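Okay, structure first, notes after.
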Amino acid sequence: MGLLGEKLMKKQIFNNFEEYWSYARFFTVHQRDILLSNLPTEQRQYLMKSYMDGGWEDLVMRNELDAMLDIVREDTSLDLLQIRCQVLLRKKKIVLEKSQWDYIQDVFCRFKQSHIQYIFGGVVAENRSRDTVLLVKE
């Protein structure tokens, strides 16, 4: 292969994570996984380095968490951010069914604590009875 062919083979498909995200942000997680897994290893590594160096993790995780908050709101009619504000600002105690709290914990268990801090930070659940929990200020 000549010099021109080698340069074409080494050309980055995406110059950095920002460029990748401008295309991929509208894809499902599954579609993004397919796109990333089909990139050459060298280009995937470069893209992930750009992701980490550029501080994109916080933005991507916040968007994903916001989507999860919407799902929880649709499934349970609970606005977790409003509940957190009620507990922290008004020192109000919120009672939830244990099954609701377990569902919420299952939804967010795969995320790092640092990412879910804005949803649950400063709030703890105390068992009130066998069927209920009490959310109180930490």
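The values are calculated or read from the model by the stated rules, or taken from the named source; none is laboratory data. Just so you know, these numbers come straight off a predicted model, no measurement behind them. Note: ideal-geometry Cβ built from the backbone for every residue, glycine included; neighbour counts use all protein chains shown.
Mind listing whichever residues of the range 32-47 are assigned to a helix (DSSP H, G or I) and surrounded by 14 or more Cβ atoms within 10 Å (Cβ to Cβ)?
Arg32, Leu35, Leu36, Gln43, Arg44, Tyr46, Leu47
Give the residues of the range 68-94 that are touching a residue at least 40 places away in the same chain (Cβ under 8 Å) and either more than 29 Å from Thr28 (Cα to Cα) or not in a helix (DSSP H, G or I) (or both), sorted by residue number.
Val87, Leu88, Lys91, Lys93, Ile94
State yes or no: is Val72 of a type outside the set (Gly, Ala, Ser), surrounded by 11 or more Cβ atoms within 10 Å (Cβ to Cβ) and at pLDDT below 90?
So Val72 does not fit the description; no.
Please enumerate the residues belonging to the range 95-121 that are part of a strand (DSSP E or B) and either in contact (Cβ under 8 Å) with a residue 60 or more places away in the chain or acidic (Asp, Glu) (or both).
Scanning the range 95-121 gives a single hit, Glu97.
Every residue, every condition in (1) closer than 30 Å to Arg130 by Cα; (2) in the same structural domain as Thr132 (by TED's automatic domain parsing); (3) hydrophobic (A, V, I, L, M, F, W, C), yes or no:
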| site | (1), (2), (3) |
| --- | --- |
| Val60 | no, yes, yes |
| Glu64 | no, yes, no |
| Ala67 | no, yes, yes |
| Asp75 | yes, yes, no |
| Leu78 | yes, yes, yes |
| Leu89 | yes, yes, yes |
| Lys93 | yes, yes, no |
| Leu96 | yes, yes, yes |
| Asp106 | yes, yes, no |
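Go over the candidates Asp106, Asp102 one by one and state the one that is modelled with pLDDT of 95 or more and either over 30 Å from Gly55 (Cβ atoms) or surrounded by 12 or more Cβ atoms within 10 Å (Cβ to Cβ) (or both).
It is Asp102.
Would you be able to say whether some residue in the range 51-66 is surrounded by 14 or more Cβ atoms within 10 Å (Cβ to Cβ) and touching a Leu at 6+ places or on another chain (Cβ under 7 Å)?
no
For Arg62, work out the one condition from (1) over 17 Å from Arg110 (Cβ atoms); (2) touching a residue at least 40 places away in the same chain (Cβ under 8 Å); (3) in a helix (DSSP H, G or I) it doesn't fulfil.
It fails just one condition, (1).
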